[in-house]
4 protein chains.
Amino acid sequence: MSVNKVILLGNVGKDPEVRYLDTGIAVATFPLATTDRAYTLANGTQVPERTEWHNLVLWRGLAETAEKYVHKGDKLYIEGKIRTRSYDDQTGAKRYITEIFVDNMEMLTPKSASSGVSSVQQPVTPAQPQQSPVTPIQNNPADDLPF
Amino acid sequence: MSVNKVILLGNVGKDPEVRYLDTGIAVATFPLATTDRAYTLANGTQVPERTEWHNLVLWRGLAETAEKYVHKGDKLYIEGKIRTRSYDDQTGAKRYITEIFVDNMEMLTPKSASSGVSSVQQPVTPAQPQQSPVTPIQNNPADDLPF
Amino acid sequence: MSVNKVILLGNVGKDPEVRYLDTGIAVATFPLATTDRAYTLANGTQVPERTEWHNLVLWRGLAETAEKYVHKGDKLYIEGKIRTRSYDDQTGAKRYITEIFVDNMEMLTPKSASSGVSSVQQPVTPAQPQQSPVTPIQNNPADDLPF
Amino acid sequence: MSVNKVILLGNVGKDPEVRYLDTGIAVATFPLATTDRAYTLANGTQVPERTEWHNLVLWRGLAETAEKYVHKGDKLYIEGKIRTRSYDDQTGAKRYITEIFVDNMEMLTPKSASSGVSSVQQPVTPAQPQQSPVTPIQNNPADDLPF
DNA sequence: TTTT
DNA sequence: TTTT
């Protein structure tokens, strides 16, 4: 009795960070930017262009595809769902972060135009990803639930 | 060259809070819940039902419609866009909150079944809304931009 | 590199017709109505309300769920894809029909309010469904492809 | 109480045909192709790739933008609604055609890569468009309704 | 803080 | 052929 659906078409902000759970399941995370067009209101006010950053999370096969084929700057279409999770910051205070769990992905950048080469030269290290302070992924038991 | 689209169908968590900018523009906010079904993984793991709360923000005519017709418990379909904004908490630290700017709304609860009456008995006061500590709306100049 | 996605929220026009392929796979079909609101143009022209009828097609588990729980008059949310197929009419001329292949369905009519009882009294016969002249389903080999 | 929403991402099949109503309103039509990936069923059956053609209809500003910037082969994202209309064929029999009324469009082909030049060499004639027998547009009064 |  |  419920729908939670997100459709985004934008540009990849960084090469995906991919890590593997003990169960072998891949998880990829990377930011995607969407930009609203600037426009002018009826009263003449200029509303400038505005970029929104979305924290994408991909699991399993999609994460592996992202690891191989998605690069910074690529244009991407995704469908997914919104999910807000909490974590404790350095001071022990509860913080929230909203992420997009991706369940469908279409790559819109032709292979030839992707910055794939540079990514091979500076490979992501799946074994020990540095966790961004902005989007910490805690090592709690739920991490091993493959959803 | 960009798409940022959200589609939600869920239940209203609280009666809308509505305030009016100096320009007379109405802004309504209220939470919407979507609930994933519980399911069982191939390996037998039970993934329980999970409720996600979305912070909806409506402007102008939609806000006025929400003020009149939307009530706690109602089932609602909305389309909108994701927007994350920052604010400073009590300690001066930067915090982020993700909201859904609604641009289309369909009310799915028949008028007869809506909890409209109780809302009349406990009216929201648009003049001096208490701002929730969880989702502070700052009085900065941008508040008067009618977007 | 392609997306074909439909989202509909409307009312079921007739109880589902369900048939079973030789392979045991269930296929359900029924019409869904969506209605545009009437509105007035800037120049004063009245654009009246307009109802659009969509031919839904459901396979497998979704078809079985529809057979059990979906009834004429129910409010339904679906996601699916557009598909146009051709068939030969009585005169041998090629005709086209556009259908919506459903891949997600949310029933929005509470069980208590559904017209389910009458449907039990006038059951659909899956064994020998009459095929509507408007939307003929041909017995070609592709019918046994479970997509 | 109703939603009729289509999201397509695919390739333009022909340069847009644009005509202008007596009121000066522009209407553009062109086909868009979406292609399902081929896949293999659990039982080993190969389901081949399949292309779906959608009849897009754009009005007013969107039609003018399409006239200037959309070309055969371009990749396009659109949002719109499904609409089926009837017309009488040569024999006087009633036929149906399903079209997508576009209300949002994002062009995904970089200008430099678009086949824009050839379109200038073979311009569409807005004054007297030949009406395709497949998708006839009748000159009925409703044509002057700008919706 | 909602609903099934 | 549905619903408001």
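Each value in this text was obtained by applying a stated rule to the coordinates, not by laboratory testing. Keep in mind that what you see is a predicted model, and the values were worked out from it rather than measured. As a convention, Cβ positions derive from the backbone with ideal geometry for all residues, glycine included, and neighbour counts pool all protein chains shown.
Would you mind giving the mean number of other chain beta-carbons within 10 Å of the Cβ of each residue in D:76-87, as a whole number?
Average neighbour count from other chains, rounded to a whole number: 3.
From the phi of every residue in the stretch D:65-82, what ³J(HN,Hα) in whole Hz does the Karplus formula 6.51 cos²θ - 1.76 cosθ + 1.60 yield, where θ is phi - 60° and glycine or proline is x?
Here the 3J(HN,Hα) series is 4, 4, 4, 7, 10, 9, 9, 3, x, 5, 8, 9, 10, 9, 10, x, 9, 7 Hz.
Put a dot 7 Å past each Cα toward the Cβ at D:Tyr20 and C:Thr91; how far apart are the dots in nm?
Distance between label points: 3.8 nm.
Set the Förster distance to 25 Å, then compute FRET efficiency between B:Glu49 and C:Asp103 from the Cβ-Cβ distance, nearest 0.05.
The value I calculate is 0.70.
Would you please give the residues with an amide H less than 5 Å from that of A:Gly13, counting only those at least 5 places away or on a separate chain, with H modeled from the backbone geometry?
A:Leu32, A:Ala33, A:Gly73
Convert each backbone phi in the stretch A:33-47 into a coupling constant with the Karplus relation 6.51 cos²θ - 1.76 cosθ + 1.60 (shift: θ = phi - 60°), then list the ³J(HN,Hα) values in order as whole Hz, x for Gly and Pro.
Along the stretch A:33-47, the couplings run 9, 10, 10, 6, 5, 5, 7, 10, 6, 4, 7, x, 4, 8, 9 Hz.
Alpha carbon centre of the stretch C:74-116 versus the stretch D:63-120: separation in Å?
24
What's the local net charge at D:Ser86, with K and R +1, D and E -1, over the other residues with C-beta under 9 Å away?
+2
How are the Cα pair distances of the stretch C:63-109 distributed, in percent, across 10 Å bins from 0?
21, 38, 25, 15, 0
For the stretch D:1-108, just run the numbers: alpha carbon Rg, then divide by 2.2 N^0.38 Å, N being how many residues it has.
Computed over Cα atoms of the stretch D:1-108, the ratio equals 1.26.
Which entries in B:Lys75/C:Lys72; A:Lys14/B:Lys81; A:Lys81/D:Lys5; C:Lys72/C:Lys94; B:Lys81/D:Lys72; A:Lys81/B:Lys14 show an alpha-carbon gap greater than 28 Å?
Going by Cα-Cα distance, C:Lys72/C:Lys94; B:Lys81/D:Lys72 fall outside the 28 Å limit.
I need the phi-derived Karplus couplings for the stretch B:11-22: 6.51 cos²θ - 1.76 cosθ + 1.60, θ = phi - 60°, integer Hz, Gly and Pro marked x.
Rounded to whole hertz, the list is 10, 6, x, 8, 4, x, 9, 10, 10, 10, 6, 4.
Which net charge results for the neighbourhood of A:Glu67, defined as the other residues with beta-carbon distances under 11 angstrom from its beta-carbon, given Lys and Arg at +1 and Asp and Glu at -1?
After counting each charged neighbour, the total is -1.
Let me see the P(r) profile for the stretch D:1-45: every Cα-Cα distance counted, bins of 5 Å, each bin given as a percent of all pairs.
Pair shares across the bins are 5, 13, 12, 14, 13, 16, 11, 5, 4, 3, 2, 1.
Going highest first, how would you order A:33-40, D:3-10 by mean Cβ packing within 10 Å?
D:3-10, A:33-40
Take peptide C:56-68, look around each residue's Cβ out to 10 angstrom, count Cβ atoms belonging to other protein chains, and average those counts.
0
For every other residue with a beta carbon closer than 12 angstrom to the beta carbon of B:Arg95, add +1 if it is Lys or Arg and -1 if Asp or Glu, then tell me the sum.
Result for the local shell: +1.
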